[in-house]
Amino acid sequence: MGLEKYESKQQQIFKPAAFIYPFISRFDMLTPALQDKVEEWSATEDTCSFKVKGFTLKLRIAERAENRHVKITGDDGSGVPVDFAFWIQLHQVSDTDTRIRMVLHAELNMMMRMMIGGKIQGGLDKAVEGLAAAFNQMP
């Protein structure tokens, strides 16, 4: 089993990184956006848990680099059967142009890669598009 790397497309947000970072660096800041979209959402600054298709997932922010990136991993008893790390990366080009990208490193066996590899890529692209659109709509 090897570590697979999946990278989303890069999306443009017409805001400075300092505007975006507080939202992505604290799970509790995501509560308004996510509580209606997933079951049993609960969050603190560093951890969150929620249910998807009957499975409870627990995530933890493992690393923060202000206005640059956030690294997210599975928390203890995460319910995620895969070893993974997930980055949300910001790159500020100017005060009105920050590029956002999501990167996932996951330990997947051949079977899992064949079953969900393509879905992971599509999911990352959709997620980063949604995030960029949400930020671009904010005043």
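For the range 13-55, a residue qualifies if it is among the acidic types (Asp, Glu), surrounded by 13 or more Cβ atoms within 10 Å (Cβ to Cβ) and closer than 20 Å to Phe135 by Cβ, and exactly one does: Asp28. Within the range 94-121, residues that are closer than 15 Å to Tyr6 by Cα reach partners that are surrounded by 15 or more Cβ atoms within 10 Å (Cβ to Cβ) and among the polar types (S, T, N, Q) with beta carbons closer than 6 Å, at six or more positions or on different chains, in the pairs Ile100/Gln11; Arg101/Ser8; Arg101/Gln89; Met102/Ser8.
If the condition is being among the small types (Gly, Ala, Ser) and within 23 Å of Ala133 (Cα to Cα), then the range 1-12 contributes only Ser8.
Scanning the range 56-76 for residues that are open to solvent by less than 70 Å² (accessible area, probe 1.4 Å) and either touching a Lys or Arg at 6+ places or on another chain (Cβ under 8 Å) or in contact (Cβ under 8 Å) with a residue 40 or more places away in the chain (or both) yields Leu57, Ile61, Ala62, Asn67, Val70, Lys71, Ile72, Thr73, Gly74, Asp75.
Looking only at strands (runs of 3 or more DSSP E) that fall completely inside the range 2-74, which ones have 2 or more residues that are of a type in the set (D, E, K, R)?
Working: elements: 2-7, 11-13, 39-43, 47-52, 55-65, 69-74.
Ranges flagged: 2-7, 39-43, 55-65.
The residues in the range 87-125 that are open to solvent by 40 Å² or more (accessible area, probe 1.4 Å) and modelled with pLDDT of 90 or more can be counted, and the count is 11.
Counting residues in the range 16-37 that are charged (D, E, K, R) and at pLDDT 90 or above gives one or more.
The values are calculated or read from the model by the stated rules, or taken from the named source; none is laboratory data. These numbers were taken from a predicted model, which means no experiment stands behind them. Because the Cβ atoms are built from the backbone with ideal geometry, glycine has one as well, and the counts that use them run over all protein chains shown. To get the accessible areas, we keep the full protein, side chains included, count just its heavy atoms, and leave off ligands, DNA and RNA. Shrake-Rupley method; radii C 1.70, N 1.55, O 1.52, S 1.80 Å.
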